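Undergrad: Take a look at the following structure, please.
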Amino acid sequence: MKKFTLAIHGGSGTILKNDMTPDQEHLHLEALENGLRAGYAVLETGGSALAAVEAAIVALEDNIVFNAGRGAVFTKNGTQEMDAAIMDGATLKAGAIASVRNIRNPVKLALEVMQKSNHVFLSGEGAGEFARKQNIETEKDEYFFSQFRYDQWLSIRDSDNYALDHSNKNIEELTIDKKMGTVGAVACDQYNNIAAATSTGGMTNKQFGRIGDSPLIGIGTYANNKTCAISCTGHGEPFILAVAAYDVSCLMEYKGLSLEEAMRTVVKDKLVKSGGEGGMIGVDAEGNASLIFNTEGMYRGVKSSNGSNKVAIYKED
C-alpha cells in the first residue's frame, strides 16, 4: 500500500503559551484532532485526497474556534464574508469563492464551483446565487455569531485598523485576541494523488471587499501531482505578492528542491524579507509532509500511514 498523509493548519502568528489558558489550549488541540480524524478517515478507507481535504476543512469550519465558516470574524459592516479554495493535483482543476455570506461550509461551495461550473473563481452575490442553485447549505447570521468575536470587532470598528490572524500588528494600543485563524488541509492519497484546500473569514474589521491570499489559486492554495499541495496562512498581502504556494511548486519543478527545502526557502527567506508573517503546510505525491512557519506558532497537525500522528501549536512543539 502506498503511503498516504494528511496535514492541516488552523492559522499562524503570535501564538504564545503564556497567552493561552489550559482550556483554550485544549479546545484548539481537540479541534485540530477532529479535523485530522475527519480527513484521515477518508484516506484510510481508500478515498481521494480531494475528498479528504474537503472533509478536514468542513470539520474545521464547523468549529467556532477558527476564523472560517462558523467562527468567521466580523467585517467593517458587522457581517461575515468568507473565502475558500480547493484544488485537485491530479487534474489541476480548482474552485474558489470569495466574499460569500451565510454559507455554512465555504469549502463545499468552492468544490461545487470546480466540479459544476465552467469557472474557477466566483465572488459575492454571483457566488451566492450559484450556491442556491446547487442547494449548498446555508445558515442565518445567528449561526456565525460569537460574542467573543463581536467584542473584538466592537473594539476597532470605529477605526481604520484591522486584526490579522494571530497577530496584533496594525492595531494601535488595542488588545486583540491572537488565537483565531484561517484553516487549511493538504493530502496525499493511496494512489499518489494530492490536493489542497483553504478557508477563511479574513481580517476582523476588513473593508472595501478585501480578499486575501486564501482563495487565490497559486498563492494561498495550490496542488500539482508533479510537485506539491500547499495551503498557506498568515498576512495575505505579502503572500499574494510572493505568489507563495506556486513558488514552492516552481522551486521543486525547476530547481529540483525537495518539498521541505522549497517551503523553507519561501517561508523562512523570501517571505521574511518582504515582511510576510505566516506559514504553510505541504505534501508531495510520495506522502511526505512539511509544516513550516516564521511566526511564534501555528495551529497544525499531521497524520500518516507511516504512523506519524501529531497536533501542535507552539514553535517549540
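The values are calculated or read from the model by the stated rules, or taken from the named source; none is laboratory data. Computed from a predicted structure; not experimentally measured. Reconstructed Cβ throughout: ideal geometry from the backbone, glycine too, with neighbour counts over all protein chains shown.
Undergrad: Being more than 21 Å from Tyr222 (Cα to Cα) and among the hydrophobic types (A, V, I, L, M, F, W, C) is the filter; apply it to the stretch 274-317 and report the residue that is surrounded by the fewest Cβ atoms within 10 Å (Cβ to Cβ).
TA: Checked the stretch 274-317; the qualifying residue surrounded by the fewest Cβ atoms within 10 Å (Cβ to Cβ) is Ala312.
Undergrad: Okay, next question. Select from the stretch 225-234 the residues that are part of a loop (DSSP other than H, G, I, E, B) and either buried (at least 24 other Cβ atoms within 10 Å of the Cβ) or without any contact (Cβ under 8 Å) to a residue 24 or more places away in the chain (or both) and write down the one among them that is farthest from the chain's Cα centre (by Cα). Steps first, answer last, please.
TA: Narrowing the stretch 225-234 to residues part of a loop (DSSP other than H, G, I, E, B): 225-228.
With the extra rule that they be either buried (at least 24 other Cβ atoms within 10 Å of the Cβ) or without any contact (Cβ under 8 Å) to a residue 24 or more places away in the chain (or both), the set shrinks to 227-228.
Details: Thr227: 19, Cys228: 16 Å.
Only one residue tops the list, namely Thr227.
Undergrad: Another question, if that's okay. Within the stretch 128-139, identify whether any single residue is modelled with pLDDT of 75 or more, among the hydroxyl-bearing types (Ser, Thr, Tyr) and either more than 15 Å from Ala68 (Cβ to Cβ) or surrounded by fewer than 24 Cβ atoms within 10 Å (Cβ to Cβ) (or both), and answer yes or no. Steps first, please.
TA: Looking only at the stretch 128-139, we keep the residues that are modelled with pLDDT of 75 or more, and these are 128-139.
Those still in the list that are among the hydroxyl-bearing types (Ser, Thr, Tyr) too: 138.
Those left that are additionally either more than 15 Å from Ala68 (Cβ to Cβ) or surrounded by fewer than 24 Cβ atoms within 10 Å (Cβ to Cβ) (or both): 138.
Yes: one or more hits.
Undergrad: To continue, here is another question. Tell me yes or no: at least one residue of the stretch 105-125 is among the charged types (D, E, K, R), assigned to a helix (DSSP H, G or I), within 26 Å of Asn288 (Cβ to Cβ) and within 19 Å of the chain's Cα centre (by Cα).
TA: Looking only at the stretch 105-125, we keep the residues that are among the charged types (D, E, K, R), and these are 108, 112, 116, 125.
From what is left, the residues that are assigned to a helix (DSSP H, G or I) are 108, 112, 116, 125.
Adding the requirement that they be within 26 Å of Asn288 (Cβ to Cβ) leaves none.
Looking through the stretch 105-125, none of the residues is among the charged types (D, E, K, R), assigned to a helix (DSSP H, G or I), within 26 Å of Asn288 (Cβ to Cβ) and within 19 Å of the chain's Cα centre (by Cα).
Undergrad: Is it true that Cys250 is of a type outside the set (Val, Ile, Thr), under 17 Å from His9 (Cβ atoms) and modelled with pLDDT of 95 or more?
TA: no
Undergrad: Report yes if Leu6 is surrounded by fewer than 20 Cβ atoms within 10 Å (Cβ to Cβ) and under 26 Å from Ala312 (Cβ atoms), otherwise no. Even if it seems obvious, please write down each step before you answer.
TA: Numbers: surrounded by fewer than 20 Cβ atoms within 10 Å (Cβ to Cβ): no; under 26 Å from Ala312 (Cβ atoms): yes.
No: the conditions fail for Leu6.
Undergrad: Still on this structure: Taking the conditions exactly as written (of a type in the set (D, E, K, R), within 30 Å of Tyr191 (Cβ to Cβ) and out of contact with any strand residue (DSSP E or B) (no Cβ under 8 Å at 6 or more places or on another chain)), does Glu261 satisfy them or not?
TA: yes
Undergrad: State all residues of the stretch 4-30 that are touching a Gly at 6+ places or on another chain (Cβ under 8 Å) and of a type in the set (Ser, Thr, Tyr); if no residue qualifies, say none. Break it down stepwise before answering.
TA: Of the residues in the stretch 4-30, the ones touching a Gly at 6+ places or on another chain (Cβ under 8 Å) are 4-16, 28.
Residues satisfying the conditions are Thr5, Ser12, Thr14.
Undergrad: Which members of the stretch 37-58 meet the condition of being buried (at least 24 other Cβ atoms within 10 Å of the Cβ) and either over 19 Å from Tyr222 (Cα atoms) or among the basic types (Lys, Arg) (or both)?
TA: Scanning the stretch 37-58 gives Tyr40, Leu43.
Undergrad: Please verify whether Ala38 is under 19 Å from the mean Cα position of the chain (by Cα) and without any contact (Cβ under 8 Å) to a residue 60 or more places away in the chain, treating the condition exactly as stated. Write out each step before concluding.
TA: Values: under 19 Å from the mean Cα position of the chain (by Cα): yes; without any contact (Cβ under 8 Å) to a residue 60 or more places away in the chain: yes.
Criteria met by Ala38.
Undergrad: Give me a count of the residues in the stretch 235-261 that are under 22 Å from Glu286 (Cα atoms) and either of a type in the set (Asp, Glu) or under 19 Å from the mean Cα position of the chain (by Cα) (or both). Don't jump to the end; show me each part of the working.
TA: Within the stretch 235-261, the first condition is being under 22 Å from Glu286 (Cα atoms), and the residues that meet it are 244-261.
When the remaining residues are screened for being either of a type in the set (Asp, Glu) or under 19 Å from the mean Cα position of the chain (by Cα) (or both), the result is 244-249, 253, 259-261.
Result for the stretch 235-261: 10.
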